[in-house]
Amino acid sequence: MRQKIIVANWKMYKTLSEAEEFMGSLPREIAGVDDVKAVVCAPFLFLERLAVLTAKTAISLGAQNMHWEKEGAFTGEISPVMLKDLGIKYVIIGHSERRQFFGESNFQINKKLAAAFAYGLIPILCVGENRRQRDAGETEEVIEKQLNSALDGLAVEKDLLQKMVLAYEPVWAIGSGTPANGEEANVVAAFMRSLLLKKGQEVSRKVSILYGGSVNPENIAEFTDKAEIDGALVGGSSLNVKTFAALIRIASSERRT
Ligand code: PGA
(Lines give C-alpha, C1' and ligand atoms only; values in the text may rest on other atoms or scores of the structure.)
Protein backbone atom coordinates (compact mmCIF):
# COMPACT_ATOMS: atom_id res chain seq x y z
CA MET A 1 0.00 0.00 0.00
CA ARG A 2 1.32 3.41 -0.93
CA GLN A 3 1.76 5.91 1.88
CA LYS A 4 -0.05 9.23 1.60
CA ILE A 5 2.25 12.20 1.06
CA ILE A 6 1.40 15.86 1.49
CA VAL A 7 4.02 18.23 0.11
CA ALA A 8 4.24 21.95 0.85
CA ASN A 9 5.67 24.07 -1.93
CA TRP A 10 6.40 27.43 -0.34
CA LYS A 11 7.61 28.92 -3.65
CA MET A 12 9.20 32.36 -3.07
CA TYR A 13 7.37 33.11 0.16
CA LYS A 14 8.37 33.63 3.81
CA THR A 15 11.32 35.11 5.64
CA LEU A 16 13.65 32.93 7.69
CA SER A 17 11.91 33.83 10.95
CA GLU A 18 8.52 32.97 9.45
CA ALA A 19 9.91 29.66 8.22
CA GLU A 20 11.30 28.92 11.69
CA GLU A 21 8.01 29.74 13.33
CA PHE A 22 6.16 27.41 10.96
CA MET A 23 8.56 24.55 11.52
CA GLY A 24 8.62 25.16 15.25
CA SER A 25 4.92 24.40 15.45
CA LEU A 26 4.29 21.87 12.65
CA PRO A 27 5.30 18.79 14.70
CA ARG A 28 2.84 19.79 17.42
CA GLU A 29 0.08 20.52 14.91
CA ILE A 30 0.33 17.07 13.36
CA ALA A 31 1.15 15.12 16.51
CA GLY A 32 -0.40 11.66 16.43
CA VAL A 33 -0.59 11.45 12.63
CA ASP A 34 1.84 8.74 11.66
CA ASP A 35 0.40 7.44 8.38
CA VAL A 36 0.96 10.54 6.24
CA LYS A 37 4.37 11.72 5.10
CA ALA A 38 4.78 15.49 5.47
CA VAL A 39 7.32 17.17 3.19
CA VAL A 40 8.16 20.86 3.15
CA CYS A 41 9.86 22.27 0.06
CA ALA A 42 11.31 25.55 1.23
CA PRO A 43 13.47 28.20 -0.44
CA PHE A 44 17.14 27.12 -0.56
CA LEU A 45 18.17 29.78 1.95
CA PHE A 46 16.10 28.28 4.74
CA LEU A 47 17.00 24.64 4.28
CA GLU A 48 20.04 24.53 6.53
CA ARG A 49 18.15 26.00 9.47
CA LEU A 50 15.03 23.93 8.82
CA ALA A 51 17.16 20.79 8.72
CA VAL A 52 18.16 21.49 12.31
CA LEU A 53 14.55 22.11 13.35
CA THR A 54 13.25 18.92 11.70
CA ALA A 55 16.14 16.67 12.74
CA LYS A 56 14.20 14.86 15.45
CA THR A 57 10.87 14.82 13.63
CA ALA A 58 9.32 12.70 10.87
CA ILE A 59 8.99 15.78 8.65
CA SER A 60 11.14 15.72 5.52
CA LEU A 61 12.56 18.66 3.64
CA GLY A 62 12.69 19.26 -0.05
CA ALA A 63 14.14 21.81 -2.44
CA GLN A 64 12.06 23.42 -5.17
CA ASN A 65 14.65 23.05 -7.91
CA MET A 66 18.32 22.23 -8.46
CA HIS A 67 20.99 22.07 -11.12
CA TRP A 68 21.95 18.68 -12.53
CA GLU A 69 25.72 19.00 -12.20
CA LYS A 70 27.60 18.04 -9.07
CA GLU A 71 29.52 21.33 -9.14
CA GLY A 72 30.84 23.84 -11.61
CA ALA A 73 30.83 27.40 -12.94
CA PHE A 74 27.05 27.86 -12.87
CA THR A 75 26.46 31.20 -11.18
CA GLY A 76 23.41 31.28 -8.97
CA GLU A 77 22.72 27.55 -9.10
CA ILE A 78 22.48 24.92 -6.35
CA SER A 79 23.76 21.39 -6.87
CA PRO A 80 22.29 18.05 -5.79
CA VAL A 81 25.39 17.42 -3.69
CA MET A 82 24.83 20.63 -1.74
CA LEU A 83 21.26 19.57 -0.98
CA LYS A 84 22.24 16.05 -0.01
CA ASP A 85 24.93 17.39 2.28
CA LEU A 86 22.29 19.29 4.28
CA GLY A 87 20.18 16.16 4.69
CA ILE A 88 17.55 17.23 2.15
CA LYS A 89 15.49 14.29 0.96
CA TYR A 90 13.22 15.53 -1.84
CA VAL A 91 13.49 17.87 -4.79
CA ILE A 92 10.70 19.25 -6.98
CA ILE A 93 11.61 18.91 -10.63
CA GLY A 94 9.89 20.50 -13.60
CA HIS A 95 7.35 22.60 -11.74
CA SER A 96 5.24 24.48 -14.29
CA GLU A 97 6.47 27.82 -12.93
CA ARG A 98 10.03 26.74 -13.74
CA ARG A 99 8.95 25.64 -17.20
CA GLN A 100 6.87 28.77 -17.81
CA PHE A 101 8.91 31.59 -16.26
CA PHE A 102 12.45 30.22 -16.45
CA GLY A 103 12.31 28.39 -19.75
CA GLU A 104 13.02 24.99 -18.25
CA SER A 105 12.90 22.43 -21.03
CA ASN A 106 12.08 18.74 -21.07
CA PHE A 107 15.75 18.19 -21.86
CA GLN A 108 16.87 19.97 -18.68
CA ILE A 109 14.19 18.22 -16.66
CA ASN A 110 15.47 14.88 -17.91
CA LYS A 111 18.99 15.76 -16.71
CA LYS A 112 17.70 16.97 -13.36
CA LEU A 113 15.71 13.79 -12.84
CA ALA A 114 18.75 11.64 -13.58
CA ALA A 115 20.84 13.78 -11.20
CA ALA A 116 18.29 13.43 -8.40
CA PHE A 117 18.55 9.64 -8.63
CA ALA A 118 22.32 9.73 -9.03
CA TYR A 119 22.80 11.79 -5.87
CA GLY A 120 20.20 10.07 -3.72
CA LEU A 121 17.41 12.64 -3.72
CA ILE A 122 13.76 11.68 -4.25
CA PRO A 123 12.42 13.61 -7.22
CA ILE A 124 8.90 15.04 -7.21
CA LEU A 125 8.39 15.34 -10.94
CA CYS A 126 5.62 17.70 -12.03
CA VAL A 127 3.62 17.32 -15.22
CA GLY A 128 0.41 18.94 -16.41
CA GLU A 129 -1.37 20.60 -19.26
CA ASN A 130 -2.19 24.28 -19.63
CA ARG A 131 -5.64 25.72 -20.29
CA ARG A 132 -5.29 25.82 -24.06
CA GLN A 133 -4.08 22.23 -24.19
CA ARG A 134 -6.89 21.10 -21.97
CA ASP A 135 -9.50 22.89 -24.07
CA ALA A 136 -8.01 21.29 -27.19
CA GLY A 137 -8.34 17.83 -25.59
CA GLU A 138 -4.56 17.36 -25.50
CA THR A 139 -4.15 16.58 -21.80
CA GLU A 140 -2.99 12.97 -22.20
CA GLU A 141 -0.76 13.81 -25.13
CA VAL A 142 1.00 16.57 -23.17
CA ILE A 143 1.45 14.41 -20.09
CA GLU A 144 2.76 11.49 -22.11
CA LYS A 145 5.32 13.73 -23.77
CA GLN A 146 6.44 15.35 -20.51
CA LEU A 147 6.69 12.05 -18.67
CA ASN A 148 8.40 10.15 -21.47
CA SER A 149 10.97 12.85 -22.08
CA ALA A 150 11.69 13.19 -18.35
CA LEU A 151 12.28 9.44 -18.07
CA ASP A 152 14.10 9.12 -21.40
CA GLY A 153 17.30 7.08 -21.18
CA LEU A 154 17.13 6.96 -17.40
CA ALA A 155 19.21 4.02 -16.22
CA VAL A 156 17.92 3.60 -12.71
CA GLU A 157 17.33 0.40 -10.77
CA LYS A 158 13.65 -0.43 -10.28
CA ASP A 159 14.04 -0.25 -6.48
CA LEU A 160 15.10 3.34 -6.80
CA LEU A 161 12.75 4.32 -9.58
CA GLN A 162 9.70 3.26 -7.63
CA LYS A 163 10.58 5.77 -4.89
CA MET A 164 9.94 8.58 -7.35
CA VAL A 165 6.98 10.87 -6.73
CA LEU A 166 4.94 12.24 -9.63
CA ALA A 167 2.65 15.23 -9.38
CA TYR A 168 -0.19 15.85 -11.76
CA GLU A 169 -0.47 19.61 -11.74
CA PRO A 170 -2.79 21.08 -14.37
CA VAL A 171 -1.28 24.50 -15.00
CA TRP A 172 -4.71 26.15 -15.14
CA ALA A 173 -5.49 24.91 -11.62
CA ILE A 174 -2.30 26.22 -9.98
CA GLY A 175 -2.93 29.29 -7.87
CA SER A 176 -6.23 29.90 -9.64
CA GLY A 177 -8.65 28.87 -6.91
CA THR A 178 -10.17 26.42 -9.41
CA PRO A 179 -8.96 22.90 -8.73
CA ALA A 180 -9.41 20.03 -11.14
CA ASN A 181 -12.31 17.71 -10.62
CA GLY A 182 -11.30 14.76 -8.42
CA GLU A 183 -12.64 12.15 -10.83
CA GLU A 184 -10.81 13.71 -13.76
CA ALA A 185 -7.58 13.97 -11.81
CA ASN A 186 -7.92 10.31 -10.87
CA VAL A 187 -8.30 9.37 -14.54
CA VAL A 188 -5.14 11.32 -15.40
CA ALA A 189 -3.28 9.69 -12.50
CA ALA A 190 -4.37 6.27 -13.79
CA PHE A 191 -3.13 7.26 -17.24
CA MET A 192 0.24 8.25 -15.73
CA ARG A 193 0.42 4.86 -14.03
CA SER A 194 -0.28 3.17 -17.35
CA LEU A 195 2.63 5.07 -18.90
CA LEU A 196 4.87 3.79 -16.11
CA LEU A 197 4.06 0.21 -17.06
CA LYS A 198 6.93 0.24 -19.50
CA LYS A 199 9.21 0.53 -16.49
CA GLY A 200 7.53 -2.55 -15.02
CA GLN A 201 4.39 -3.48 -13.10
CA GLU A 202 5.98 -2.86 -9.75
CA VAL A 203 7.17 0.61 -10.62
CA SER A 204 3.74 1.51 -11.97
CA ARG A 205 2.08 0.24 -8.80
CA LYS A 206 4.52 1.71 -6.29
CA VAL A 207 5.24 5.21 -7.58
CA SER A 208 3.30 7.83 -5.61
CA ILE A 209 1.18 10.17 -7.68
CA LEU A 210 0.06 13.46 -6.16
CA TYR A 211 -2.44 16.00 -7.35
CA GLY A 212 -1.55 19.71 -7.23
CA GLY A 213 -3.46 22.88 -8.05
CA SER A 214 -5.59 24.96 -5.64
CA VAL A 215 -5.78 22.24 -3.01
CA ASN A 216 -7.24 23.42 0.30
CA PRO A 217 -8.78 21.80 3.39
CA GLU A 218 -12.26 21.94 1.83
CA ASN A 219 -11.34 20.05 -1.33
CA ILE A 220 -8.36 17.84 -0.47
CA ALA A 221 -10.47 14.78 0.37
CA GLU A 222 -11.85 14.84 -3.16
CA PHE A 223 -8.35 13.95 -4.32
CA THR A 224 -6.91 11.89 -1.49
CA ASP A 225 -9.89 9.53 -1.45
CA LYS A 226 -9.20 8.47 -5.05
CA ALA A 227 -7.58 5.12 -5.75
CA GLU A 228 -4.76 6.42 -7.94
CA ILE A 229 -3.97 9.63 -6.03
CA ASP A 230 -1.61 9.35 -3.09
CA GLY A 231 -1.59 12.88 -1.78
CA ALA A 232 -1.15 16.50 -2.77
CA LEU A 233 1.42 19.08 -3.75
CA VAL A 234 0.23 22.29 -2.16
CA GLY A 235 1.23 25.89 -2.77
CA GLY A 236 -0.99 28.61 -1.26
CA SER A 237 -2.57 26.40 1.42
CA SER A 238 0.83 25.25 2.66
CA LEU A 239 1.94 28.67 3.87
CA ASN A 240 -0.12 28.74 7.05
CA VAL A 241 0.90 26.02 9.48
CA LYS A 242 -2.61 25.36 10.75
CA THR A 243 -3.99 25.04 7.22
CA PHE A 244 -1.14 22.76 6.15
CA ALA A 245 -1.59 20.62 9.27
CA ALA A 246 -5.31 20.38 8.52
CA LEU A 247 -4.51 18.96 5.08
CA ILE A 248 -2.30 16.32 6.65
CA ARG A 249 -4.91 15.37 9.23
CA ILE A 250 -7.64 15.11 6.61
CA ALA A 251 -5.43 12.91 4.41
CA SER A 252 -4.84 10.71 7.44
CA SER A 253 -8.47 10.23 8.40
CA GLU A 254 -9.28 9.63 4.74
CA ARG A 255 -6.98 6.68 4.77
CA ARG A 256 -8.60 5.07 7.76
CA THR A 257 -12.09 5.07 6.30
P1 PGA B 1 -1.38 26.09 -5.42
O2 PGA B 1 0.04 25.67 -6.03
O3 PGA B 1 -1.72 25.08 -4.38
O4 PGA B 1 -1.16 27.47 -4.85
O5 PGA B 1 -2.36 26.08 -6.55
C6 PGA B 1 0.34 24.34 -6.28
C7 PGA B 1 1.73 24.21 -6.87
O8 PGA B 1 2.14 25.11 -7.62
O9 PGA B 1 2.43 23.23 -6.62
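Things worth noting here:
- When the GluC sites (Glu not before Pro) in region 39-130 are filtered for DSSP coil states and for at most 13 other beta-carbon atoms within 10 Å of their beta-carbon, the remaining sites are Glu71.
- Candidates Arg205, Arg131, Arg28, ranked by Gaussian network fluctuation over the chain, Cα under 10 Å, top entry: Arg28
- Full-stretch length increase - Glu141, Thr75 - with 0.36 nm per residue and alpha-carbon distance subtracted: 20.2 nm
- In terms of distances greater than 27 angstrom between alpha carbons, the cross-link table entries Lys70/Lys226; Lys70/Lys242; Lys11/Lys158; Lys112/Lys145; Lys84/Lys226; Lys111/Lys158 yield Lys70/Lys226; Lys70/Lys242; Lys11/Lys158; Lys84/Lys226.
- Cβ-placed point charges (K, R +1; D, E -1), dipole of the chain about Cα centre in debye, nearest 20: 460
- Apportionment of accessible area to carbon and sulfur, the chain, percent (1.4 Å): 51
- Proximal lysines relative to Lys37, as straight alpha-carbon distance under 16 Å, when same-chain residues fewer than 8 apart are discounted: Lys4, Lys56, Lys89, Lys163, Lys206
- Pairs of Cα atoms nearer than 8 Å and 6+ residues apart set the relative contact order; for the chain it is 22 percent.
- Looking at the chain, the accessible area is 46 square angstrom per residue; that uses a 1.4 Å probe and ignores ligands, DNA and RNA.
- Loop-resident GluC sites (Glu not before Pro) (DSSP state other than H, G, I, E or B) in region 176-218 with no more than 11 further Cβ atoms inside 10 Å of their Cβ: Glu218.
The values are calculated or read from the model by the stated rules, or taken from the named source; none is laboratory data. Note that the structure is predicted; figures quoted are calculated from it, not measured. Ideal geometry is used to build each Cβ from the backbone, glycine not excepted, and the neighbour counts take in all protein chains shown. Surface areas here come from the heavy atoms of the whole protein model, side chains and all, with no ligands, DNA or RNA. Shrake-Rupley method; radii C 1.70, N 1.55, O 1.52, S 1.80 Å.
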